[in-house]
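S.K.: Below you will find the structure I want to go over with you.
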Amino acid sequence: MSDLLTASWSGYLRPDGRKGIRNLVLIIYTVECAQHVAHAIAAGEEDVHVIGFPGCYDNAYAIRLMLALARHPNVGAVLSVGLGCEYTQPEKLADTVRASGRPAEWFFIQQTGGTKSSVVKGKEIVARLHEQIWKETPRVPMTLADLTVGCECGGSDGTSGLAGNPTVGAFFDLLVDAGGRAVFEETVEMIGLRGVMLSRASSPDAKRQLADAYDKAERYCRSVRQWSVSPGNFAGGLTTIEEKSLGAFAKSGTKPIQGVIRVAEQPRGPGLWILDSVPDDHFMQFGYTNPNDTEGLMDLISAGAQIILFVTGRGSVIGSPVAPLIKITGNSATFRTMEEDMDFDAGRVLTGELTLTQAGRELLELIVRTARGEPSKPEALGHREYFIMYKHQNTPGLAAGCRA
Amino acid sequence: MNARAFQIQPQDNVATLLDDAPAGSIEILGASPQEIRSLEKIERGHKVALRDIAVNEPIIKFGVRIGHATQPIRRGAWVHLHNLASDLDERSGTLDLHSGAPTDTNSAYV
């Protein structure tokens, strides 16, 4: 066990001192109108991922989220592509990324020509950026203490709380022991657990942060009359949001919770953190919190997670750009049916084949292999789903951006 | 082989099925191993009552209240949307028992 906790591999050193496990070029489009061109530039290119924002009118939250992904430890260089008449400014994105010490370029499609000429130009830029980061990025030793791992669950069933999430909890305990950062989210799936959550706070300050995040989540759910539980959850045997919450919370393991971070904020130190992605009350009311699983995964990556975990009892076929996604199921039948997409069968805990401790250790081994470069299943399949939408969060620690 | 179910904490009054169970004997694993007779077919992932539960009594799983009984529940009965409601989510009682699909927005499908 001790050798696993001190495992070391070669990472990519970024100017801010963080270390990546991949060395990617990220293409960012700034309006839906530029989406096709952005994807056409990335088509057929290795280690080139795409994200973008569909709205023409900009949004400070979305800008912060995209910048957090652009300055993510797994990203070495950025190309931002705009149409030319939208609010979100590709030039400002590129300038901000360049200020982080990464090469970044941008162009407007309207100033370049049409689809074909923009794709040709984009591919030339990407090839240049790629060559530069492969030549110039320093390689450094990396350990679990350099790693941030995020986790959420989706498509949950009765096994998620019994095996899938507890296995992640056992892994998170190991990661925290090794000095790493563990981030879990979905405060709307902690409904009913106020007392349980607060009892895990590491300090009075953390307790206050947890109480604020919990109270906002419950206020949000009451206000929009939407509780984070879906027909598939019910069909899988979950009956109430409180029941789902307990299963979801099992992914937190047993370590003290250091506090709450918000979207695009980084954990303020090692240990276990909760990510609050619930929108703040605003002139447009709350809007919607995570409308789908992918949106939540974006939030975890924005916290700097180099690897993210997704626990799904019923099965899912999503992946993610920027940080490899590892899919875990507590349901062995789901694992057998969807083995081409599932990375880890935690259902073996329920058959007695593995103890929870063994499962946590085995998951740690998989995560170290992934950190060393072995692609996760969604990564190998080419899944790069992303979802960035309008939202409002007061995030004083980060620049307000325009139209906060 | 008997169908199996898992009770997480000793104070839990429900256990989660690890196998699809026809009416009949279920082996309860976990906190207080025992054998009980289920009164009906219960699918994997769903819950079985470990004792008789009266209306408005809390349903306890993971040692925590996950809602309250809306019907008297007998030991061995399937515990789901028809007899357990959330304390918070007001749509919880309107969902289709088998698919979990909402029924209170049916009028919008026109």
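S.K.: What about A:Ala62, is it within 29 Å of A:Pro375 (Cα to Cα), part of a helix (DSSP H, G or I) and not assigned by TED's automatic domain parsing to the domain that holds A:Gln358? Before the answer, list the steps.
M.R.: Working: within 29 Å of A:Pro375 (Cα to Cα): yes; part of a helix (DSSP H, G or I): yes; not assigned by TED's automatic domain parsing to the domain that holds A:Gln358: yes.
Yes: the conditions hold for A:Ala62.
S.K.: Now, a different point. Given the conditions (1) under 21 Å from the mean Cα position of the chain (by Cα); (2) small (Gly, Ala, Ser); (3) part of a helix (DSSP H, G or I); (4) surrounded by fewer than 18 Cβ atoms within 10 Å (Cβ to Cβ), which single one is not true for A:Ser245?
M.R.: (4)
S.K.: Here is a further query. What number of residues within the stretch B:77-110 satisfy the criterion of being in a loop (DSSP other than H, G, I, E, B) and over 17 Å from B:Glu40 (Cβ atoms)?
M.R.: Here is the first cut: in the stretch B:77-110, the residues in a loop (DSSP other than H, G, I, E, B) are B:77, B:80-83, B:86-91, B:96-101, B:103-105, B:109-110.
Keeping just the survivors that are over 17 Å from B:Glu40 (Cβ atoms) gives B:86-91, B:96, B:99-101, B:103-105, B:109-110.
Of the residues in that region, 15 qualify.
S.K.: Please work out if A:Leu129 is at pLDDT below 95 and either over 23 Å from the mean Cα position of the chain (by Cα) or not assigned by TED's automatic domain parsing to the domain that holds A:Ala248 (or both). Walk me through how you get there before you give the answer.
M.R.: Details: at pLDDT below 95: no; either over 23 Å from the mean Cα position of the chain (by Cα) or not assigned by TED's automatic domain parsing to the domain that holds A:Ala248 (or both): yes.
When the stated conditions are applied, A:Leu129 does not pass them.
S.K.: From the set of residues in the stretch B:45-76 that are at the interface with chain A (Cβ under 7 Å from one of its Cβ atoms) and either small (Gly, Ala, Ser) or outside any strand (DSSP E or B) (or both), which is surrounded by the fewest Cβ atoms within 10 Å (Cβ to Cβ)?
M.R.: Narrowing the stretch B:45-76 to residues at the interface with chain A (Cβ under 7 Å from one of its Cβ atoms): B:45-47, B:61-62, B:64-67.
Now drop any that are not either small (Gly, Ala, Ser) or outside any strand (DSSP E or B) (or both), which leaves B:45-46, B:62, B:67.
Details: B:Gly45: 26, B:His46: 24, B:Phe62: 21, B:Gly67: 23.
Out of the qualifying residues, it is B:Phe62.
S.K.: Determine which single condition A:Asp146 fails, assuming it passes every other condition in (1) more than 21 Å from A:Met342 (Cβ to Cβ); (2) at pLDDT below 95; (3) acidic (Asp, Glu).
M.R.: Condition (2) is where A:Asp146 drops out.
S.K.: Is there a residue in the stretch A:40-47 that is buried (at least 20 other Cβ atoms within 10 Å of the Cβ) and closer than 27 Å to A:Val119 by Cβ? I'd like the intermediate steps shown before the answer.
M.R.: Taking the stretch A:40-47 and keeping what is buried (at least 20 other Cβ atoms within 10 Å of the Cβ), we get A:41-42.
If we keep only those that are closer than 27 Å to A:Val119 by Cβ as well, we get A:41-42.
Taking every residue of the stretch A:40-47 in turn, at least one turns out to be buried (at least 20 other Cβ atoms within 10 Å of the Cβ) and closer than 27 Å to A:Val119 by Cβ.
S.K.: Another question, if that's okay. Within the stretch A:87-104, work out how many residues are of a type outside the set (S, T, N, Q) and surrounded by 21 or more Cβ atoms within 10 Å (Cβ to Cβ).
M.R.: Pass one, the stretch A:87-104, residues of a type outside the set (S, T, N, Q): A:87, A:90-95, A:97-99, A:101-104.
Subsequent filtering for residues that are surrounded by 21 or more Cβ atoms within 10 Å (Cβ to Cβ) retains A:90, A:93-94, A:97, A:102, A:104.
Total meeting the criteria: 6.
S.K.: Something else: Which one of these does A:Arg18 not meet: (1) basic (Lys, Arg); (2) surrounded by fewer than 23 Cβ atoms within 10 Å (Cβ to Cβ); (3) in contact with a Ser or Thr (Cβ under 7 Å, 6 or more places away or on another chain)?
M.R.: It fails just one condition, (3).
S.K.: May I pose another question? Looking at the stretch B:18-30 only, could you name the residues that are crowded, with 23+ Cβ neighbours inside 10 Å and within 12 Å of chain A (Cβ to nearest Cβ)?
M.R.: Taking the stretch B:18-30 as the starting set, the residues that turn out to be crowded, with 23+ Cβ neighbours inside 10 Å are B:18, B:21, B:26.
Scanning the stretch B:18-30 gives B:Leu18, B:Ala21.
S.K.: OK, next. Look through B:Arg4, B:Arg37 and report the one residue that is at pLDDT 95 or above, of a type in the set (D, E, K, R), in a strand (DSSP E or B) and more than 14 Å from the chain's Cα centre (by Cα).
M.R.: B:Arg37
S.K.: Can I ask one more? Being more than 13 Å from chain B (Cβ to nearest Cβ) and buried (at least 19 other Cβ atoms within 10 Å of the Cβ) is the filter; apply it to the stretch A:187-200 and report the residue that is farthest from A:Trp227 (Cα to Cα). Show your work before the answer.
M.R.: Taking the stretch A:187-200 first, the residues more than 13 Å from chain B (Cβ to nearest Cβ) are A:187, A:198, A:200.
Now restrict to residues that are buried (at least 19 other Cβ atoms within 10 Å of the Cβ): A:187, A:200.
Details: A:Thr187: 11, A:Arg200: 23 Å.
Among residues in the stretch A:187-200 that are more than 13 Å from chain B (Cβ to nearest Cβ) and buried (at least 19 other Cβ atoms within 10 Å of the Cβ), the one farthest from A:Trp227 (Cα to Cα) is A:Arg200.
S.K.: Give the stretch A:1-51 a look and list any residue that's part of a helix (DSSP H, G or I), over 21 Å from A:Ala178 (Cβ atoms) and in contact with a helix residue (DSSP H, G or I) (Cβ under 9 Å, 6 or more places away or on another chain), or say none. Please lay out each step first, then the result.
M.R.: Let us first name the residues in the stretch A:1-51 that are part of a helix (DSSP H, G or I), namely A:2-5, A:32-42.
From what is left, the residues that are over 21 Å from A:Ala178 (Cβ atoms) are A:32-42.
Passing the criteria: A:Cys33, A:Ala34, A:His36, A:Val37, A:Ala38, A:Ala40, A:Ile41, A:Ala42.
S.K.: If we scan the stretch A:173-186, do we find a residue that is part of a helix (DSSP H, G or I), within 14 Å of chain B (Cβ to nearest Cβ) and out of contact with any Gly (no Cβ under 8 Å at 6 or more places or on another chain)? So that I can check it myself, show each step before the final result.
M.R.: Restricting attention to the stretch A:173-186, the residues satisfying the condition of being part of a helix (DSSP H, G or I) are A:173-177.
Retained after the next criterion (residues that are within 14 Å of chain B (Cβ to nearest Cβ)): none.
Checking the stretch A:173-186: not a single residue is part of a helix (DSSP H, G or I), within 14 Å of chain B (Cβ to nearest Cβ) and out of contact with any Gly (no Cβ under 8 Å at 6 or more places or on another chain).
S.K.: Of the residues A:Asn23, A:Asn59, which is among the polar types (S, T, N, Q), within 20 Å of A:Ile301 (Cβ to Cβ) and at pLDDT 95 or above?
M.R.: Working: A:Asn59 fails: at pLDDT 95 or above.
Only one candidate passes the filter, namely A:Asn23.
S.K.: With (1) under 30 Å from A:His392 (Cβ atoms); (2) surrounded by fewer than 24 Cβ atoms within 10 Å (Cβ to Cβ); (3) free of Cβ contacts under 8 Å to residues at least 60 places away in the same chain as the list, and A:Glu340 as the residue in question, which single condition is left unmet?
M.R.: The number of the failed condition is (1).
S.K.: Which condition number in (1) more than 8 Å from chain B (Cβ to nearest Cβ); (2) touching a helix residue (DSSP H, G or I) at 6+ places or on another chain (Cβ under 7 Å) is the one that A:Leu246 fails?
M.R.: (1)
S.K.: Return the residues of the stretch B:77-110 that are at the interface with chain A (Cβ under 7 Å from one of its Cβ atoms), under 18 Å from B:Ala49 (Cβ atoms), in contact with a Leu (Cβ under 8 Å, 6 or more places away or on another chain) and among the hydrophobic types (A, V, I, L, M, F, W, C); say none if nothing qualifies.
M.R.: Passing the criteria: only B:Leu81.
S.K.: For the stretch A:222-231, which residues satisfy the criterion of being assigned to a helix (DSSP H, G or I) and more than 7 Å from chain B (Cβ to nearest Cβ)?
M.R.: Of the residues in the stretch A:222-231, the ones assigned to a helix (DSSP H, G or I) are A:222-224, A:231.
Within the stretch A:222-231, A:Arg222, A:Ser223, A:Val224 qualify.
S.K.: So which strands (runs of 3 or more DSSP E) stay within the stretch A:265-359 end to end and still have 2 or more residues that are in contact with a strand residue (DSSP E or B) (Cβ under 8 Å, 6 or more places away or on another chain), under 20 Å from A:Leu67 (Cβ atoms) and assigned by TED's automatic domain parsing to the domain that holds A:Asp173?
M.R.: A:271-276
S.K.: Taking the options A:Leu350, A:Leu325, A:Leu363, name whichever one is within 14 Å of chain B (Cβ to nearest Cβ) and in contact (Cβ under 8 Å) with a residue 24 or more places away in the chain.
M.R.: Values: A:Leu325 fails: within 14 Å of chain B (Cβ to nearest Cβ); A:Leu363 fails: within 14 Å of chain B (Cβ to nearest Cβ).
Answer to the check: A:Leu350.
The values are calculated or read from the model by the stated rules, or taken from the named source; none is laboratory data. This structure is a prediction, so every number in the text was calculated from the model and none was measured. No Cβ is skipped: glycine too gets one built from the backbone with ideal geometry, and neighbour counts run over all protein chains shown.
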